[in-house]
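Below is one structure, written out as structure tokens, with a few remarks after it.
The values are calculated or read from the model by the stated rules, or taken from the named source; none is laboratory data. Small disclaimer: the values here were computed from a predicted structure and weren't measured. So basically every Cβ, Gly included, is an ideal-geometry build from the backbone, and we count neighbours across all protein chains shown.
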Amino acid sequence: MAHEALVAQSEAAYGRGSKYLTQTDGFNVVSEDHEVTFSVLLNDTEHVAKFTGAVNKTPEFTMKFIAGNMAALRAAHMTFNKGTEYVASFPDNSHVVKEVNEYPDLGEITFYKYFHRLPTNDDSVTLVGTVADLPEYPKGHSWLNFLIVRVEAHEGGSKFTIVNAPETTLQLPEDKKRAIAAEIKKFFVGVVTDIRNAA
């Protein structure tokens with residue numbers, strides 16, 4: 001029963017966020033770091049970060065590397081990381097991952113993120129992440145509206161697009177928002193660099 005609810009939440013998250021994979025209007029480039037372009041869409045109703053770039057690995061290798069090394073990647077590239085644990089796995093190879101972060105002035109925050117790979121008709125890979133909202137996996141005051149990772153074959157390797165929309169009920173000053181955004185960017189750039197360097 002929990003699995004069905006998680007899949008429904010994941011599909012709803014994909015429905016909210018998939019349009020941003022191809023949308024360019026409204027996105028402003030903030031930086032380019034290690035050939036990863038970071039852009040944001042900010043208005044009264046939309047707060048979306050997008051990361052695009054390329055790696056020298058296949059889509060399948062890329063996704064398996066991320067899934068198999070999630071704890072190590074968070075430990076290496078998330079300053080605020082306090083722990084990562086797979087707490088549930090399902091027959092469709094989807095997972096609930098418990099992530100614990102400790103932010104300055106905010107304290108410890110626990111996320112139960114559900115990662116669900118969508119079927120595709122080609123060799124591309126699409127992964128949807130959302131924060132679970134179930135009694136056994138409480139949502140809390142900070143969550144992901146959606147996180148979508150699409151990796152497509154490109155010139156012997158892959159190109160990727162990541163759209164990410166974190167949300168919170170906490171009232172954060174602008175400097176804290178910028179610090180968390182910088183942390184998210186650092187994490188994705190670090191992951192991409194590790195994929196490029198992987199054997």
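A few points about this structure:
- Taken over region 9-52, the criterion of being modelled with pLDDT under 95, farther than 24 Å from VAL192 by Cα and either among the hydrophobic types (A, V, I, L, M, F, W, C) or in contact with a helix residue (DSSP H, G or I) (Cβ under 7 Å, 6 or more places away or on another chain) (or both) is satisfied by LEU42 alone.
- Region 188-197, residues that are crowded, with 19+ Cβ neighbours inside 10 Å and either touching a helix residue (DSSP H, G or I) at 6+ places or on another chain (Cβ under 7 Å) or free of Cβ contacts under 8 Å to residues at least 24 places away in the same chain (or both): VAL191, ILE195
- Only one of LEU127, LEU134 that is touching a residue at least 24 places away in the same chain (Cβ under 8 Å), farther than 25 Å from ASN69 by Cβ and of a type in the set (A, V, I, L, M, F, W, C): LEU134
- Taking residues in region 60-71 that are touching a residue at least 40 places away in the same chain (Cβ under 8 Å), and partners anywhere that are of a type in the set (Gly, Ala, Ser) and in a loop (DSSP other than H, G, I, E, B), the pairs with Cβ atoms closer than 7 Å and at least 6 places apart or on different chains are PHE65/ALA198.
- Candidates SER94, SER124, SER142 - the one that is at pLDDT below 95, more than 13 Å from the chain's Cα centre (by Cα), surrounded by 14 or more Cβ atoms within 10 Å (Cβ to Cβ) and within 21 Å of VAL191 (Cα to Cα): SER124
- Selected residue (only one of GLU167, GLU183 is under 18 Å from the mean Cα position of the chain (by Cα) and loosely packed, with under 14 Cβ neighbours inside 10 Å): GLU167
- Unmet requirement for ASP33, which otherwise passes all of (1) closer than 23 Å to TRP143 by Cα; (2) surrounded by 15 or more Cβ atoms within 10 Å (Cβ to Cβ): (1)
- From the options THR79, THR24, THR52, THR45, residue that is in contact (Cβ under 8 Å) with a residue 60 or more places away in the chain and surrounded by fewer than 16 Cβ atoms within 10 Å (Cβ to Cβ): THR79
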